[in-house]
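Note sheet for the following structure.
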Amino acid sequence: MLSDLNPDGILFVGDLSDGDLRIAKAISKIPIPTSVILGNHDRGHDGSGDILRAQIDLLGEKNCSWNLCKWKLNELSVVGARPCSAGGGFFLAPEVREVYGEVSLDESVLRIVSAAKLAPLAIPLLILAHSGPVGLGSESSSLCGRDWKLPSMDWGDKDLGIAIDRIRKFRIPELVVFGHTHHQLRIGGNRTRKTFTRDIWGTSYLNAACVPRRGIDSAGENLCHFSWVEFSSGKLTHASHRWFRNDSSIAYEEMLFNQ
Ligand SMILES: [Fe+2]
């Protein structure tokens, strides 16, 4: 389907699997410019970091943790945030410590900001994270709101929130894309969360965590979800959730932003 859709670039927001290396291997073979941030489910739960390290090795330059992505797309810069985040402020899993060392909150902020400083000012900056930043609301239905336990609260990443504040001193990130907090809320009935917002400085935030990403509609049609964004003249012009049929045609679209 990806070859049919043929986007200019593909972003993976993490929680690819529970350490299944076949997924990382398949992603490594995608011939389209791709950036990946690994999620809390990708850390392997082995304590040693071996499974996490193996995924990172397979992904190679597609893994953009704490880095400016090296993809050869001259119209967009992608900076990765902290890998394997579980949201909720700041916490480093043992496997992340094994692979990346003891990274403090300040060091994590510095790495994200430093990567953003390497990005050319002439093209838009996109930040790719597993969990979104703090500051997007404290309701369960907020973009990064805790919905699985009461009380609801802002479950965003503190280091990413601080990093975006600091990046804003020298440029405005155009878009922040993340996953982790699923669209379907766990508590409060059949409700879904808000998945897009734009702050007063003009940065857009997109939660792409539609789970499961594949399903069947009431007509029996197999569907696959992608969050879709488009840029023109350095600005975000379109953001939507799209559900594609097996033949790559669009079955449903939820428009989030169109300008
Ligand atoms: Fe997650």
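Laboratory data are not the source of any read-out in this text; all were calculated from the coordinates shown. Here the structure is a predicted model, which is why all the values come from computation and not from measurement. Counting neighbours? That spans all protein chains shown, and the Cβs are built from the backbone with ideal geometry, glycine included.
With a sphere of radius 10 Å drawn around the Cβ of S142, what net charge do the other residues whose Cβ falls strictly inside it have (Lys, Arg +1; Asp, Glu -1)? If you can, show how the numbers build up before the last one.
On the way: positive: R146, R193, K194; negative: E139, D147, D154.
Around S142, the charge tally is 0.
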Task: Beta bridges per DSSP with both ends in the range 8-144, % antiparallel, nearest 5 - done: 10
Open item on the list: In whole Hz and in residue order, list the ³J(HN,Hα) couplings for the range 123-137 that follow from phi through the Karplus curve 6.51 cos²θ - 1.76 cosθ + 1.60, θ = phi - 60°; x for Gly and Pro.
Closed with: 10, x, 9, 10, 10, 10, 9, 7, 9, x, x, 5, x, 9, x
- [ ] Among L76, A208, H130, pick out the residue whose Cα is farthest towards the positive end of the charge dipole of the chain, where Lys and Arg carry +1 and Asp and Glu carry -1 on C-beta, about the Cα centre.
- [x] L76
Task: 222 nm mean residue ellipticity, helices alone, for the chain (DSSP H n ≥ 4; -39,500 (n - 2.57); rounded to 500) - done: -5500 deg cm²/dmol
Task: Cα centroid separation, the range 186-259 to the range 10-39 (Å) - done: 19
TODO: Please list the non-local residues whose amide H lies under 5 Å from the amide H of V176, H modeled 1.01 Å from N, same-chain partners needing a gap of 5 or more.
DONE: I127, S204, Y205, L206
TODO: Would you mind pulling out the separation of the Cα centroids of the range 68-122 and the range 131-148, in Å?
DONE: 20
Open item on the list: For a protection proxy built on the mean count of beta-carbon atoms within 10 angstrom, sort 87-95, 165-173, 198-206 highest first, please.
Closed with: 87-95, 198-206, 165-173
- [ ] Net charge near R186: determine it from the other residues with C-beta under 15 Å of the C-beta of R186, scoring Lys and Arg +1 and Asp and Glu -1.
- [x] +2
Open item on the list: Give me the count of lysine pairs in the chain whose alpha carbons sit under 19 angstrom apart, restricted to pairs 8 or more positions apart or on different chains.
Closed with: 15
- [ ] Starting from the Cα of D50, move 7 Å in the Cα-to-Cβ direction to define the label point; list residues of the range 1-37 whose amide nitrogen is under 19 Å from there.
- [x] 18-25
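With 10 angstrom as the radius, rank K158, K194 by how many other C-beta atoms surround their C-beta, starting from the fewest. List each step's numbers first, then the result.
On the way: K158 19, K194 16.
Listing K158, K194 from fewest to most nearby Cβ atoms yields K194, K158.
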- [ ] For every other residue with a beta carbon closer than 14 angstrom to the beta carbon of Q259, add +1 if it is Lys or Arg and -1 if Asp or Glu, then tell me the sum.
- [x] 0
TODO: Run the quick spin-label model on D18 and F170: label points 7 Å from Cα toward the beta carbon, then report their separation in nm to one decimal.
DONE: 4.2
TODO: List the pair-distance distribution P(r) of the chain, using every Cα-Cα distance, as the percent of pairs falling in each 5 Å bin from 0 up to the bin containing the longest distance, rounded to whole percents.
DONE: 1, 6, 13, 18, 21, 18, 13, 7, 2, 0, 0
Task: Rounded to 5, the percent of DSSP beta bridges in the range 2-258 classed as antiparallel - done: 60
TODO: Based on other C-beta atoms within 10 Å, arrange V96, V36 from fewest to most.
DONE: V96, V36
